[in-house]
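Everything below concerns the one structure shown next.
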Amino acid sequence: MANTLCNGIVKNNNPKSPIQYFELVTVREYNDYEGGTILETVKNAEQFLTDDWGAVDEPFYRIYGTRYIDDVCTKTIFLGDFFTIESAKEFLYNLTGEIPQIISC
């Protein structure tokens with residue numbers, strides 16, 4: 001498996017943007033009982049390792065923008081799916097102008 005667990009939050013330093021943070025999460029796809037698929041966010045290393053057997057394909061990465069008012073998340077905006085951590089980090093770099101320092105990979 002090439003993709004690993006990687007979750008993180010990157011601050012958006014653009015004062016004009018309504019998005020305060022960009023959230024990077026690891027996602028896995030699983031078959032459901034009705035013949036479709038479900039997507040599940042992988043929260044920790046234990047879940048990443050134990051749930052590997054039922055996954056449809058490699059894990060991938062999803063980026064959300066989050067808005068906060070008084071430290072409460074008021075809205076989450078889906079921004080994109082990425083099949084490598086490098087492409088997800090490049091996307092965050094293009095949004096923020098800064099190299100994302102994600103330390104939980």
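Karplus couplings for region 26-39 from phi (6.51 cos²θ - 1.76 cosθ + 1.60, θ = phi - 60°), rounded to Hz, Gly and Pro as x?
Here the 3J(HN,Hα) series is 8, 10, 10, 10, 10, 6, 9, 7, 9, x, x, 10, 10, 10 Hz.
When Rg is the radius of gyration of the Cα atoms in the chain and Rh is its Kirkwood radius, what does Rg/Rh come to?
1.01
Taking the 0 to 90 degree range and rounding to the nearest ten, how far is the long axis of helix 85-96 tilted relative to the main principal axis of the chain, both from C-alpha atoms?
20
Near Val25, within a Cβ-to-Cβ distance under 13 Å, what is the net charge of the other residues, with Lys and Arg +1 and Asp and Glu -1?
Computed value for this residue: 0.
Say we join alpha carbon atoms closer than 10 Å with springs in a Gaussian network model of the chain; which of Thr76, Thr26, Thr50 then has the biggest fluctuation?
Thr50
Top mean-square fluctuation among Leu24, Leu92, Leu39, Gaussian network model of the chain, C-alpha springs under 10 Å?
So, out of Leu24, Leu92, Leu39, the one fluctuating most is Leu39.
What residue among Tyr64, Tyr30, Tyr21 has the largest mean-square fluctuation in a Gaussian network model of the chain, using Cα springs under 10 Å?
Largest GNM mean-square fluctuation: Tyr30.
Among the lysines, select those whose C-alpha is under 23 Å from the C-alpha of Lys16, and discard any that sit fewer than 8 residues away in the same chain.
Hits, sequence-local ones excluded: Lys75, Lys89.
Given a 1.4 Å probe and every protein chain left where it sits, what share in percent of the accessible area of the chain is carbon and sulfur?
Answer for the chain: carbon and sulfur cover 52 percent of the accessible area.
The values are calculated or read from the model by the stated rules, or taken from the named source; none is laboratory data. What you are looking at is a predicted structure, and each value in this text was computed from that prediction instead of being measured. Cβ coordinates were reconstructed from backbone atoms using ideal geometry, including for glycine residues, and neighbour counts include every protein chain displayed. Surface accessibility is based on the protein's heavy atoms, side chains included, excluding ligands, DNA and RNA. Shrake-Rupley method; radii C 1.70, N 1.55, O 1.52, S 1.80 Å.
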